[in-house]
């Protein structure tokens with residue numbers, strides 16, 4: 001009985017010795033590293049190591065085995081970053097630091113040359129995730145812009161003083177080539193696609209004049225069609241089945257006809273002189289109420305002719321628009 005008990009103790013001791021965890025000190029020695037941090041990533045043991053050779057951080061997968069002599073490691077990200085983290089579950093990238101500048105490191109388990117693609121050139125980076133969409137705000141030369149997290153190109157040029165001013169422009173894969181072409185051909189610092197239509201329509205702002213226009217890129221040669229010329233402080237996209245949209249200068253609204261409805265006859269028909277507007281459906285006919293000098297009235301959106309006095313305090317006070325609203329110039 002004593003012999004059986006002794007054998008049992010020896011067996012437990014042996015198992016304990018072989019299953020003893022290898023210490024971080026032993027791993028540092030094997031890897032010739034100053035510091036190591038261990039974790040498990042989807043069932044695989046990983047190490048962040050600050051290597052003695054570069055004094056920088058790298059990422060490694062490791063095999064521990066039963067003994068330190070079985071230990072081996074494989075480089076995932078070369079040790080060249082001043083700051084580096086483990087990737088969070090579901091993360092597609094992380095922000096890294098190198099020589100007091102920041103860049104984007106893509107997930108190396110999906111992108112083979114992720115480490116080589118990093119360009120640490122930004123003074124600061126802010127990552128925002130809104131409704132599952134990732135936005136990367138960057139600061140360069142004391143100005144803020146927005147970049148594509150995967151390819152790194154500027155979606156919004158660094159022209160803003162604070163990150164709060166930067167528009168969060170969503171960039172889908174089909175938009176990328178058109179976006180790059182539009183920025184170049186239109187000399188634009190801001191390009192925004194119509195969020196409700198995938199028809200290539202976009203609005204662009206000229207770098208020098210800071211005026212907006214609207215364009216469409218559709219054909220195989222990627223030639224642009226001018227829908228609204230670049231001469232407005234701001235403008236709205238066309239709503240579905242609406243034959244005109246608002247354009248703005250000096251804080252006042254005017255109206256521009258849709259190219260898709262009027263082809264070469266599309267033009268600005270209502271001058272930019274109104275403070276506000278509201279569309280109405282009057283027995284199936286589109287009518288337009290506008291505000292001028294604090295009072296409301298009616299205007300013909302096809303011709304720009306004012307159709308009532310401007311004496312009404314609110315839209316609720318407006319009389320019924322009995323005037324005839326034509327849809328075509330030859331009516």
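Laboratory data are not the source of any read-out in this text; all were calculated from the coordinates shown. Bear in mind that the values here come from a model prediction, so they are computed numbers and not experimental data. Neighbour counts are summed over all protein chains in view; Cβ atoms, including those assigned to glycine, are modelled from backbone coordinates with ideal geometry.
Report the calculated FRET efficiency for residue 176 and residue 264 (r = Cβ-Cβ distance, R0 = 35 Å), to the nearest 0.05.
Computed FRET efficiency for residue 176 and residue 264: 0.70.
Give me the compactness ratio for segment 136-201, meaning the Cα radius of gyration over 2.2 N^0.38 Å.
Cα-based Rg divided by the globular estimate yields 1.09.
Rg/Rh for segment 21-121: what does it come to with C-alpha atoms and Rh from Kirkwood?
Rg divided by Rh gives 0.97.
May I ask for the angle, rounded to the nearest 10°, between helix 176-185 and the longest principal axis of the chain, with both axes built from Cα atoms and the value confined to 0 to 90°?
Here the helix axis deviates by roughly 50 degrees.
For residue 140 and residue 54, what is the calculated FRET efficiency with R₀ set at 25 Å and r taken between the beta-carbons, to the nearest 0.05?
Step by step, r from the Cβ atoms, then E = 0.45.
Based on other C-beta atoms within 10 Å, arrange 205, 170 from fewest to most.
Taking fewest neighbouring Cβ atoms as first place, the list is 170, 205.
How much length would be gained if the chain were fully extended between residue 248 and residue 32, taking 0.36 nm per residue of separation minus their Cα-Cα distance, in nm to one decimal?
That pair, residue 248 and residue 32, stretches by 71.3 nm at full extension.
Pull out the extension gain between residue 159 and residue 209, defined as 0.36 nm times the separation in residues minus the alpha carbon to alpha carbon distance; nm, one decimal.
The residue 159-residue 209 span can extend by a further 16.6 nm.
Could you grab the relative contact order for segment 86-188? Cα pairs under 8 Å, six or more apart, rounded to a whole percent.
14
Under a crude label model (7 Å from the Cα following the beta-carbon direction), how far is residue 131 from residue 111 in nanometres?
With each label placed 7 Å out from Cα toward Cβ, I get 2.5 nm.
May I ask you to give the average projected area over all directions of the convex hull of the Cα atoms of segment 81-183, in nm² rounded to one decimal?
7.1
Rounded to two decimals, what ratio of Rg to Rh does the chain give with C-alpha atoms and a Kirkwood Rh?
1.25
Pairs of Cα atoms under 8 Å, at least six residues apart: use those to get the relative contact order of the chain, whole percent.
5
Specify the angular offset, from 0 to 90 degrees and rounded to the nearest 10, of the alpha carbon long axis of helix 2-18 from the longest principal axis of the alpha carbons in the chain.
50
Using 1/(1 + (r/R0)^6) with R0 = 51 angstrom and r between the beta carbons of residue 323 and residue 168, what's the FRET efficiency to the nearest 0.05?
0.75
Please order 239, 314, 61 by the number of other Cβ within 10 Å, starting at the fewest.
Ascending Cβ contact count within 10 Å gives the list 314, 239, 61.
I want to verify the translational diffusion coefficient of segment 128-171 in µm²/s; compute it with Stokes-Einstein, Rh as the Kirkwood radius over Cα pairs, at 20 °C and 1.002 mPa s.
Rounded, D is 206 µm²/s.
Run the numbers on segment 128-171 and let me know its relative contact order in percent, using alpha-carbon pairs under 8 Å that are six or more apart.
Relative contact order of segment 128-171: 32 percent.
List 153, 86 from most exposed to least, where exposure is judged by having the fewest other Cβ atoms within 10 Å.
Lowest to highest Cβ neighbour count: 153, 86.
Using helices alone, what [θ] at 222 nm do you get for the chain, with -39,500 (n - 2.57) per DSSP H run of 4 or more residues, divided over all residues and rounded to the nearest 500?
-3500 deg cm²/dmol
Springs between alpha-carbon pairs under 10 angstrom, Gaussian network model over the chain: which of 193, 240, 73 fluctuates most?
Its mean-square fluctuation being the largest, the pick is 240.
Expected output is a single nm value to one decimal: the length gained when fully extending between residue 97 and residue 313, i.e. 0.36 nm times separation in residues minus the C-alpha distance. What is it?
Difference between extended and current length: 72.0 nm.
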